[in-house]
Amino acid sequence: MKLRKNAFWAALALPGIAWLVVLFIVPFYAVLAIAMGKLNQLFESPVAVWNPFSWSSSNVIDVWHDLFGSASFAGPVVLRTVVYVFVASLLCLLIGYPVAYFVARFAGRRKGLLLILLIAPFWISYMMRMLAWIDLLQAGGYLNKALSWIGVSPVNWLGGQSVTVILGLVYGYIPYLILVLYAGLDRIDPSLIEAGRDLGLSRARTFWRVTLPLSRQPILTGLLITVLPMLGDYYTNQLLSGAASTSMIGNLIQGQLGTPGLEGQGAVLSVLLLLVLLVPMIYYVIATNRSSRAAA
């Protein structure tokens with residue numbers, strides 16, 4: 001009976017496993033074969049090496065020199081990406097948490113309407129939203145017109161401004177964080193908050209002692225969902241800046257994958273980025289398991 005039950009659940013998981021193998025493991029191994037492969041010197045095209053025993057480390061060595069060598073040019077790009085993502089994710093949290101908290105706790109009968117308004121950005125593609133920002137921030141855009149009304153000279157927002165790229169990341173990814181935070185805050189038992197008030201805590205201390213600790217897991221989940229795509233983002237800088245001074249790791253990978261002879265190094269950077277992203281994902285799984293055990 002137990003064997004039959006296990007076979008049933010295994011059969012249910014089989015389509016998902018097949019999907020994962022076909023659309024993740026096989027493409028990942030193809031990228032790895034190119035990263036550890038060789039270069040056709042005649043055509044300057046990558047040669048994938050499928051046999052792990054024949055892999056070459058030349059692309060890895062070249063990327064290491066690009067990151068940490070004396071003539072490093074990729075190191076500052078990686079550092080800039082980390083700074084941009086940190087600032088953007090922090091702004092997302094500072095803006096998104098109060099919004100999610102208000103909808104979950106005080107929206108009342110308007111909760112459904114506000115949720116629709118929060119989900120509305122998902123109905124428009126990310127590129128279209130960035131193109132809308134270009135119209136807003138260009139030299140003759142609405143923002144510069146508004147600044148001219150108060151006597152401020154026009155700002156070249158699209159001319160390689162770091163603040164433009166960071167705010168573009170915030171604008172593009174903050175809906176993901178708000179929805180996750182709302183889902184977590186809405187599940188908090190109101191009786192726990194009432195108990196804190198009954199014990200003499202003020203509204204502020206109830207928030208710090210009860211609500212915020214209970215929302216730690218939604219915060220972690222929301223940041224994970226926003227930080228991971230931000231690290232690999234290249235459209236935002238490409239559309240809102242395009243300058244080398246604001247390029248991110250995604251732009252570097254895109255440039256190398258599109259340059260003859262550098263595809264292998266781009267593949268190595270892609271694999272390294274994936275390995276870095278595994279660290280917060282593993283931490284998230286561990287933290288989630290600990291939270292589930294504590295709740296049980």
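The values are calculated or read from the model by the stated rules, or taken from the named source; none is laboratory data. Worth saying up front: this structure is predicted, and the values here are computed from it rather than measured. A quick note on method: Cβ atoms are made from the backbone with ideal geometry, for glycine too, and the neighbour counts reach across all protein chains shown. Each accessible area value is taken on the protein alone, full model and side chains, heavy atoms only, with ligands, DNA and RNA left out. Shrake-Rupley method; radii C 1.70, N 1.55, O 1.52, S 1.80 Å.
When the stretch 137-188 is filtered for residues that are under 30 Å from Val210 (Cβ atoms) and either in contact with a Cys (Cβ under 9 Å, 6 or more places away or on another chain) or hydroxyl-bearing (Ser, Thr, Tyr) (or both), the ones remaining, listed by number, are Val170, Tyr173, Ile174, Tyr176, Leu177, Ile178, Tyr182. Taking the stretch 66-110 as the range and being within 16 Å of Leu179 (Cα to Cα) and not in a helix (DSSP H, G or I) as the test, only Ala107 passes. Do you know which of the residues in the stretch 238-252 that are among the polar types (S, T, N, Q), part of a helix (DSSP H, G or I) and in contact with a Gly (Cβ under 8 Å, 6 or more places away or on another chain) is nearest to Val83 (Cα to Cα)? Once the filter is applied, the top-ranked residue is Thr246.
Looking at Pro213, is it more than 26 Å from Ser162 (Cβ to Cβ) and either open to solvent by less than 60 Å² (accessible area, probe 1.4 Å) or touching a Cys at 6+ places or on another chain (Cβ under 7 Å) (or both)?
Working: more than 26 Å from Ser162 (Cβ to Cβ): yes; either open to solvent by less than 60 Å² (accessible area, probe 1.4 Å) or touching a Cys at 6+ places or on another chain (Cβ under 7 Å) (or both): no.
No.
Of all residues being β-branched (Val, Ile, Thr) and farther than 25 Å from Phe207 by Cβ in the stretch 83-117, which is least open to solvent (accessible area, probe 1.4 Å)? Just the residue, please. Going through the qualifying residues, I end up with Val85. For residues in the stretch 55-82 being small (Gly, Ala, Ser) and closer than 14 Å to Leu252 by Cα, which is most open to solvent (accessible area, probe 1.4 Å)? Only one residue tops the list, namely Ser72.
Residues of the stretch 53-70 that are over 29 Å from the mean Cα position of the chain (by Cα) and farther than 18 Å from Ser270 by Cα: Phe53, Ser54, Ser70.
Remark: pairs (first residue in the stretch 141-158, surrounded by 10 or more Cβ atoms within 10 Å (Cβ to Cβ); second residue of a type in the set (Asp, Glu) and assigned to a helix (DSSP H, G or I); Cβ separation under 8 Å; 6+ apart in sequence or on different chains) = Gly141/Asp135; Tyr142/Asp135.
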